[in-house]
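The structure appears below as structure tokens.
The values are calculated or read from the model by the stated rules, or taken from the named source; none is laboratory data. Note that the coordinates shown come from a computational prediction; the quantities given were computed from them, not determined experimentally. Here the Cβ positions follow ideal geometry from the backbone for every residue, glycine too, while neighbour counts run over all protein chains shown. Side chains included, ligands, DNA and RNA excluded: accessible areas come from the protein's heavy atoms. Shrake-Rupley method; radii C 1.70, N 1.55, O 1.52, S 1.80 Å.
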Amino acid sequence: MGRLDGKVCIVTGASAGIGRATAALFCQEGAKVVAVARRGELLQELAEECKDYSGEMTWYAGDVGNPETAVQMVKKAVDTFGRLDVAVNDAGVMDDNTAIADMSDGMLHEVFRVNTFGLMYGLREECKQFLAQDDGGTIVNICSVGATHQTSGAAYCASKGAVLSATKNTAFMYMEQGIRCNAISPGGVVTDIPLVMPPANEFGFGRTSKLLDFSGELAMPEDLADAILFLASDQSRYVNGEEIKCDGGWTCF
């Protein structure tokens, strides 16, 4: 018996990295998954890979920075599976380690558009659906150790700080309605993000790289998926409004 048997789950950022590993694990654990990302062809490949698992997977291609994507992904879950039980808001982008004095408008706007506004659009629609069902729901936001430690540039760290604040606010506002909202904060993870992020700003990386002395082995996406599964399942039913750092001890300093 899977830990998410019959649960209807949305996972954003599901085309790669943590989101992909999470969507696959949820399907293994018996969930009915709506996988969401911009790259539909990769979502289709993922659904094919998961077809023999005990759960079920469908997908929706959209950019979370567009508020309509949040509306449509929740609609997809309800139209396909009848309800929504769990949402994992994972989609995100990195900056280039730029400090505030050198930060461009374009970098600031894009990082917040995806990491902060995109996640909050999702939160809004997910909570609307949970409230309409009147039987609660579970949300896991993918934050970052950068919310509280200076592991990247000003735009990224600030965007994740907002995610942490939104997580706690949502948990507090709706705890009496049975909605749980928690955050996972990864440290270094082996994903394809370094392949697509812009070249590091020399000054900014010179500062943030000092923290690398404290970092251990990089996590694999599956390591994060296991932690996310805990927060998504009933095993964590009394955990609410919390941030779990999943960084191998990197930020113990």
*For residue 41 and residue 202 in the same chain, what is the full-extension length gain: residue separation times 0.36 nm, less their Cα-Cα distance, in nm?*
54.4 nm
*Within the range 7-22, what residues put their amide N at less than 14 Å from the label point 7 Å along the Cα-to-Cβ vector of residue 220?*
17-18, 21-22
*asked:* Among 214, 230, 172, which one shows the highest mean-square fluctuation when the chain is modelled as a Gaussian network with alpha-carbon springs under 10 Å?
replied: 214
_Mean-square fluctuation check for the chain, GNM, Cα pairs under 10 Å: which of 97, 89, 66 is largest?_
66
_Given a 10 angstrom Cα cut-off, can you work out which residue in 241, 62, 178 is the most mobile in a GNM of the chain?_
178
*So what's the Cα pair-distance distribution over the range 1-130, bin width 10 Å, in %?*
14, 43, 29, 11, 3, 0
*Measuring with a 1.4 Å probe in the full set of protein chains, what accessible area per residue, in whole Å², belongs to the chain?*
46 Å²
*Where does helix 40-49 land angle-wise versus the long Cα axis of the chain, in degrees 0 to 90, nearest 10?*
60 degrees
*Quick one: check the C-alpha center-to-center distance for the range 10-54 versus the range 57-130, whole angstrom.*
16 Å
_Spin-label zone in the range 31-48 - amide nitrogen under 19 Å from a point set 7 Å from the Cα of residue 237 along the C-beta vector_ = 31
*Near the amide H of residue 8, under 5 Å away, which other amide H atoms are found, from residues 5 or more places off or on another chain, if H is placed in the peptide plane?*
32, 85, 86
*asked:* Output the 0 to 90 degree angle, nearest 10, between the alpha-carbon long axis of helix 221-232 and the longest principal axis computed from the alpha carbons of the chain.
replied: 50 degrees
*Express the carbon and sulfur contribution to the solvent-accessible surface of the chain as a percent, rounded to the nearest whole number, probe 1.4 angstrom.*
53 percent
*residue 7: which aspartates and glutamates have alpha carbons under 12 Å from its alpha carbon, excluding same-chain residues fewer than 8 sequence positions away?*
29, 56, 85, 234
*Nearest 0.05, what FRET efficiency do residue 133 and residue 209 give at R0 = 45 Å with Cβ-Cβ as r?*
0.45
*Could you tell me which of the pairs 128/245; 168/245; 32/245 are separated by over 21 angstrom between their Cα atoms in the structure shown?*
128/245; 32/245
*Can you tell me the 0 to 90 degree angle between the C-alpha axis of helix 119-133 and the longest principal axis of the chain, rounded to 10?*
20 degrees
*Taking the Cβ-Cβ separation of residue 1 and residue 165 as r and a Förster radius of 41 Å, what is the calculated FRET efficiency to the nearest 0.05?*
0.65
*May I ask for the percentage of alpha-carbon pairs in the chain that lie more than 28 Å from each other?*
28 percent
